[in-house]
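Engineer: Input: one structure, supplied below.
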Ligand code: RB5
């Protein structure tokens with residue numbers, strides 16, 4: 001799978017470990033994040049990985065900041081993006097199964113790398129179930145469409 005990854009200064013080491021982990025599993029990773037510890041603003045990095053997901057340059061995105069929250073909010077402003085913050089594997093699995101989320105977010109200051117790996121595995125290896133969940137995801141897209149015209 002081709003996976004885009006973005007991070008701010010709080011998540012440089014976490015991002016590097018995640019990239020190594022994904023590559024060890026055979027994924028191709030595109031890095032949209034910073035590799036510097038200099039304080040920067042996470043929205044620009046969230047937008048970059050979200051744009052890549054929207055444009056289908058990558059299959060899924062992973063976005064990491066201190067809490068996962070700020071960067072998820074930025075990702076969710078991009079059309080077609082369903083970004084979710086997950087701090088445990090169950091939510092990560094169901095974010096794909098029921099919500100068809102396409103960007104996984106978490107906090108480098110919240111969880112450790114081993115838990116991050118379990119969360120990532122559940123996200124990356126789970127397919128959207130469709131069916132009644134497609135109708136619900138479509139209703140979310142409808143909200144996005146209605147707000148575009150405002
Ligand atoms: C940066 O200090 C921190 O605010 C950021 O990484 C993130 O946690 C924001 O939501």
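Engineer: By how many degrees, 0 to 90 and rounded to 10, does the Cα axis of helix 42-54 deviate from the longest principal axis of the chain?
Structural biologist: In the chain, helix 42-54 runs at an angle near 50 degrees to the longest axis.
Engineer: Let me ask something else. Would you mind getting me the FRET efficiency between residue 76 and residue 39? Use the beta-carbon distance for r and R0 = 22 Å, nearest 0.05.
Structural biologist: That pair, residue 76 with residue 39, gives E of 0.45.
Engineer: Counting other beta carbons within 10 Å of each residue's own, what order do 37, 9, 133 fall into, fewest first?
Structural biologist: On the way: 37 10, 9 19, 133 15.
So the residues, fewest neighbours to most, are 37, 133, 9.
Engineer: Next question, about the same structure. Assuming 0.36 nm per residue, please report the length gained on full extension of the stretch residue 144 to residue 1 beyond their Cα-Cα distance.
Structural biologist: Numbers: separation 143, 0.36 × 143 = 51.48 nm, distance 2.74 nm.
My answer for the length gained is 48.7 nm.
Engineer: Moving on. For the chain, what is the largest minus smallest coordinate of the Cα atoms on each principal axis, given in angstrom and ordered from greatest to least?
Structural biologist: Sorted largest first, the three principal extents are 40, 32, 26 Å.
Engineer: Can you tell me, using C-alpha contacts under 8 Å and at least 6 residues apart, the relative contact order of region 83-150 as a whole percent? Could the numbers behind the result be given before it?
Structural biologist: Values: 71 pairs, mean separation 25.5, N = 68.
Across region 83-150, relative contact order equals 38 percent.
Engineer: Right, next: Taking the highest mean first, how do the peptides 16-26, 82-92, 112-122 order by number of other beta carbon atoms within 10 angstrom per residue?
Structural biologist: 82-92, 112-122, 16-26
Engineer: Nearest 10 degrees is fine. How inclined is helix 132-148 to the longest principal axis of the chain, computing both from alpha carbons?
Structural biologist: 90
Engineer: With each run of n ≥ 4 DSSP H residues scored as -39500 (n - 2.57), what mean residue ellipticity at 222 nm is computed for the chain after dividing by its residue count and rounding to the nearest 500 deg cm²/dmol?
Structural biologist: -14500 deg cm²/dmol
Engineer: Nearest 10 degrees, 0 to 90: what angle lies between the long axis of helix 113-124 and the longest principal axis of the chain (Cα atoms)?
Structural biologist: The answer is roughly 30 degrees.
Engineer: Quick one: 62, 111, fewest Cβ neighbours within 10 Å first, how do they rank?
Structural biologist: Numbers: 62 29, 111 19.
In increasing order of surrounding Cβ atoms, one gets 111, 62.
Engineer: Measure out, as a whole number of angstrom, how far apart the alpha-carbon centroids of region 42-63 and region 71-108 sit.
Structural biologist: For region 42-63 versus region 71-108, the Cα centre distance is 12 Å.
Engineer: Next question, about the same structure. When a footprinting reagent is the concern and you count Cβ atoms within 10 Å, what order do 59, 35 take, fewest first?
Structural biologist: Sorted ascending by nearby Cβ count, the order is 35, 59.
Quick note: the coordinates plus some simple rules give every number you see, no bench work behind them. These numbers come from a predicted model, not from an experiment. Glycine gets a Cβ as well: all are built from the backbone with ideal geometry, and neighbour counts include every protein chain shown.
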